[in-house]
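The values are calculated or read from the model by the stated rules, or taken from the named source; none is laboratory data. As the structure is a prediction and not an experimental result, all values here were calculated from the model. For neighbour counting, all protein chains shown are included, and Cβ atoms are generated from backbone atoms with ideal geometry for every residue, glycine included.
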Amino acid sequence: MSSIADKKPLFLPTITLGLAVLCSAALASDPVIVPEAASGFRASHTVEAKSAMAVTANAYATEAAVKILKAGGSAVDAGIAAQLVLGLVEPQSSGIGGGAFMLYWDAEKNKLSSWDGRETAPQAVDENYFLKADGSPMGFFEAVVGGHSVGVPGVIAMLEAAHKKHGKLPWADLFSPAITLAKNGFVISPRLHTLLVQMPKVAVNPAISAYFFSDATTPKAIGTRLKNPDYAATLKKIAKGGSKAFYQGTIAKNMVKAIHSDPNRTGLLSAADLVSYQSKERAAVCAAFHTYQVCGAPPPSSGGTTVIAILKMIEEIEKNTSTFTEADFIHTFIEASRLAFADRNTYVGDPDFVSVPTAGLVDSTYLAKRASLIKLDQRTPQTEAGKPPLAPQRITSASPELPSTSHFSIVDTEGNVLSMTTSIETAFGSRIFVDGFLLNNQLSDFSFTPTDSDGSKIANRIQAGKRPRSSMSPIIVFKDHKPQLAIGSPGGARIIDYVATSLYRILVEKQDLAAAISAGHIIAMGDTSELEIGRFTSELKNQLKARGHQFKERDQTSGLHGILIEDKKLKGAADPRREGQALGF
Ligand code: GLU
C-alpha cells in the first residue's frame, strides 16, 4: 500500500496561481460565500476489489479503514478508524469536535438505518444569538471565529451508538491506527497546506499557530512530519472510557474552558450541554428514481429530500421528452435544483423543533406538479417554494455555509454498507484547538436572523438544544432491495448538486464511477447558477445562454467518494478535486 508520503504534490504552480486569482475574485464579489480553497485536479480512476473496500478523503484514513476490514471489522468499525485518522490528517474538514450524518445497511438484517450526530445549540442561546446590538446580523467570519459558533459535537456519541449495534471489533482497537499515527507523526498533505495558506483567520489562537505554523504567518511546509501527542492522549482516554470520557471529565472541561475564554469571541456552551448530548437514529428518507430506491439522511439535513427532489423532477421531464440532449439535461438540472432549493430553504429545519413535511418534499405527485413549472426551452425568471403535502406556512431562509467536510463510503466483507458525511463546518471550524482537535463552527449553519421582515419565524432559526439545518447528503442507492451504490460529498450547500449530478451520471447515463465523479459540476442553489470552470464547451454554454441562463464559472471543491456494489465486485473512486483514495481487497 502506498502512503501519501510517497506521493508528489497534487497541484502545479500554474494551477495554484489560477486558483488564487479566482479565490480573490470570488472574495471581492461575494464576501460571504467564499469556497474552501481548491487544491488542484488530478486523474481519478475506478478501483476494483472482490470483498471489501473503503474510499475516504485521505490515504492514511483509507489505509486505516482497510486494516480494520482485513481484521474482520464491520463497515462501522472501519468508519470509526477512518474518522479518527481523518481528524488528525485532514483536521480542517472533520473530527471528533464536529458532527456527522451516516447511513448504514445491515446486510444480515436487511435493514437500513440513518444516524444523526449533528451538533446542538447550547441551552443558553436565544433567537437573537447572531444579531448585533443594532439588530443586524453578524458577519460570517465575525460569528465563526471563536467560541460563539461552537455547537455540542456529535461524532463520538453517534459512532459509539452505531458501534454498540453494528460493531464487531472492540471499540478500543479501532483507535489504534489514529493513536499510532498521532504519536509517530503524519506528513502534511498538499491540501492541508493549501488551506492553511488560503483560509482566512486560521492562526488566530496560539495553540493553532504552535501546531500548524513555523512562525506567525508561515504554515509548515508540505511533507513536514507533524506529531500530535495531545490528540493521541485524547483518543486513549476515549478508547478506554468511551463517549463518557469525551462528554465528561477533563476533555469536556477543557472544551468548555476554551470556548468560554476564547480571545476572539466567547461562547455559551456548558458542561451540562455536553453531558446531555444525544445522537439520534431516524428513518432514512427514501424514494423511487427510475428502477432504483435512493435513500438519504432526513432532516435536520436537507440533503436527502433535496437530492431526491432534483432527481425526480429531472426524471419527470425526461420521460416526456423524446431526445434529451446534454444541454437539455443541464438546463433541466438547473431548473429542478432551483425549485428544490426553494423548498429546502423554506421548509427544512430540525424536525424536533419545527414540523418539516419530509414525505411531502419527495412525494411523486407533488414533484410532478413542481416539474410542470419547468419549460424545456426557457429559464424560469423566478422560482418560489411550493406547497408540499402537510406543509406548514413558512418563509424562506438561507444560511451561509462554507465548504469544509469529508465523506467516506465503506463496504465490509459481509456486505454491510456505510455512507457517512462528517464536518466541523468551515475549514478549521471555530479555530479553537483543544486537546489536539479542532472545535466546529456548526452553529453558523442556523439562519442568523430569527424572523422575516414581516415578523414570521424562520424554520432554521437558532433555539436552545436545536440542530442546525445541514446539506450533508450521504446516500445509499438500492435496486431490488439490494444496495448498489454508496456516495456523498463535502461542499457546503453545493453538496446537494454535486451528489445529485453524480447520481444521474452513474444511474441514468451509466457512466463509469470515476468519470461520473470527475464530470463538470453544475450548481443552481438560487438565482445564480455556476458551471465548473473549464469543463463545458462554448457550444454548450451558448445553448444555455439561449435559454436565458447566466452563470458564474468557478472551481468546485467536491470530494465525492463512492463505491458501486456489483454482483461479484466492488468498484470505488475518489474525487480528482481532493486527495482521497479508494482501496479494497
Ligand atoms: N456545514 C455544512 C452542512 O452541514 C457542511 C459544510 C461543508 O460541506 O463544507 O451542511
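Annotation note: of G97, G135, G73, the sole residue that is more than 16 Å from the ligand (Cβ to nearest atom), part of a loop (DSSP other than H, G, I, E, B) and under 29 Å from A178 (Cα atoms) is G73. Residues that are surrounded by 15 or more Cβ atoms within 10 Å (Cβ to Cβ), over 15 Å from I310 (Cα atoms), under 26 Å from the mean Cα position of the chain (by Cα) and not β-branched (V, I, T) within the stretch 353-391 comprise F353, P357, listed in sequence order. The set of residues in the stretch 202-223 that are surrounded by 15 or more Cβ atoms within 10 Å (Cβ to Cβ) and in a loop (DSSP other than H, G, I, E, B) comprises V202, A203, V204, N205, K220, I222. Going through T426, T449 one at a time, which residue ends up being surrounded by fewer than 24 Cβ atoms within 10 Å (Cβ to Cβ) and more than 20 Å from S279 (Cβ to Cβ)? It is T449.
Pairing residues of the stretch 420-431 that are near the ligand (Cβ under 8 Å from one of its atoms) with residues that are in a strand (DSSP E or B), at Cβ distances under 6 Å and at least 6 apart in sequence or on separate chains, gives T421/F101; T421/H407. The residues listed here are N205, N254, N184, N228; of these, the one that is among the polar types (S, T, N, Q) and in contact with a strand residue (DSSP E or B) (Cβ under 6 Å, 6 or more places away or on another chain) is N254.
Looking at A582, A516, just one residue is under 25 Å from T194 (Cβ atoms) and either free of Cβ contacts under 8 Å to residues at least 40 places away in the same chain or touching a strand residue (DSSP E or B) at 6+ places or on another chain (Cβ under 9 Å) (or both), and that residue is A582. Being hydroxyl-bearing (S, T, Y), away from the ligand (no atom under 16 Å from the Cβ) and without any contact (Cβ under 8 Å) to a residue 60 or more places away in the chain holds for only one residue in T305, T291, T234, T224, and it is T224. Remark: pairs (first residue in the stretch 398-410, at pLDDT below 55; second residue part of a loop (DSSP other than H, G, I, E, B) and within 10 Å of the ligand (Cβ to nearest atom); Cβ separation under 6 Å; 6+ apart in sequence or on different chains) = L402/T426. Considering the stretch 402-419 alone, what residues qualify as being part of a loop (DSSP other than H, G, I, E, B) and either more than 14 Å from the ligand (Cβ to nearest atom) or closer than 24 Å to C295 by Cβ (or both)? Result: P403, T405, D412, T413, E414, G415, N416.
Tell me whether the stretch 265-283 contains one or more residues that are assigned to a loop (DSSP other than H, G, I, E, B), more than 16 Å from the ligand (Cβ to nearest atom) and of a type in the set (D, E, K, R). Yes.
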